[in-house]
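Before any comments, here is the structure.
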């Protein structure tokens, strides 16, 4: 169709066209482009922060469940796919997050588009941070509730909206604890206070915090001491836990409600046994090896210092996600290609994933990255951006 051809050409000209890049993972944080004889690239775009996808215990438990229970669960949980293994993972998540119950979903996206419409609908209100993940936005739109966005981490703006709009009906405040593109933290204590003051539900997406923050690694909710005030703590297994899928840590009543109302749970095939086994093992590793998350955050802090020493300015956030703002989408794409030629696989993040004018290189720091690599990467970034400024 001519319309499709025109749209694709326009996106390409603007430096905004997304394209799949098949890669071959070779382990230890490195990859090569599929079919390419070129040198290996260091992966700075993976969310396998704690390097658990390659952990022997995680692989072993995944293989065990695969061999004992088969490749797939065969059905949705409410049909015949409800394995005792699923309940075991939910019990472990509930203990991990300090909640009475938990419910697992097929992915973080499925969790958000299922939970939010189950909690609120027409006649209700949602108050969401402007920089929330796309899956949260989609859940809000699917709900049919009136959707109010507040400026990123701006508590005064949120309270102004609550004061003017709260009214009758249910109200939901939804945020991320660690923002996926900026790496900064939500002020959860203050948000919990507003939730109580205006009688709202509070949902927190811990996708990029699970396994990394808190004394037990269960997230920022734990670290900030607001577990009792968070109605839904959502998180994923596919990032720091190295597996796949997602969870909602909730009250027992909320779990029963979501089993009946979250369409992305009701009508989706249950997670395969091998995936559940991997997640169970990863939870054990996270709790038994706290040095992993401490080392990760130390590496992230080191990389940020190296960036600053090489003249790269910016707010690098408070986590293992390090955004380097470029601004222009075409320049961000060019910078990513130059870094790739130097052995670093870094994904340029462009609108609409981030706001216009804030295209960036998003560095995900993992335990695979040695300090000398982080130092060299910062030097390369500094030189690349300096060359752009001079040209």
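Read the figures in this text as sums done on the coordinates, not as results from a lab. Please read these numbers as outputs of a predicted model, since none were measured by experiment. Note that we place each Cβ from the backbone using ideal geometry, even for glycine, and neighbour counts take in every protein chain shown.
Here are some notes:
- Global form of the range 173-330, assessed from the alpha-carbon gyration tensor, a/c cut-off 1.5: prolate
- Ellipticity estimate at 222 nm from DSSP helix runs (n ≥ 4, -39,500 (n - 2.57)) divided over the chain, nearest 500: -13500 deg cm²/dmol
- Seen through its C-alpha gyration tensor, with square-root eigenvalues sorted a ≥ b ≥ c, the range 5-60 comes out prolate because a/c lies at 1.5 or above while a/b is bigger than b/c.
- Beta bridges per DSSP with both ends in the range 55-288, % antiparallel, nearest 5: 40
- Normalised by 2.2 N^0.38 Å, with N the number of residues, the alpha-carbon radius of gyration of the range 221-263 equals 1.31.
- Long-range tail of P(r) for the range 209-284 (Cα pairs > 16 Å, %): 57
- The listed peptides 363-371, 190-198, 232-240, ordered by packing as a protection proxy, come out as 232-240, 363-371, 190-198 (highest mean of other Cβ atoms within 10 Å first).
- Share, in percent, of DSSP beta bridges within the chain that are antiparallel, nearest 5: 60
- For the range 55-288, projected area of the alpha-carbon convex hull averaged over all directions, nm²: 11.6
- Look at 69, 50 and count the other Cβ atoms within 10 Å of each Cβ; fewest to most, that gives 69, 50.
- Gyration tensor verdict on the range 1-129 (Cα atoms; rounded if a/c is under 1.5, prolate if a/b is larger than b/c, oblate otherwise): oblate
- Counting only DSSP beta bridges with both residues in the range 108-198, the antiparallel share comes to about 10 percent.
- For the chain, the relative contact order works out to 23 percent when only alpha carbon pairs closer than 8 Å and six or more residues apart are counted.
- For the chain, fraction of C-alpha pairs farther apart than 27 Å, in %: 52
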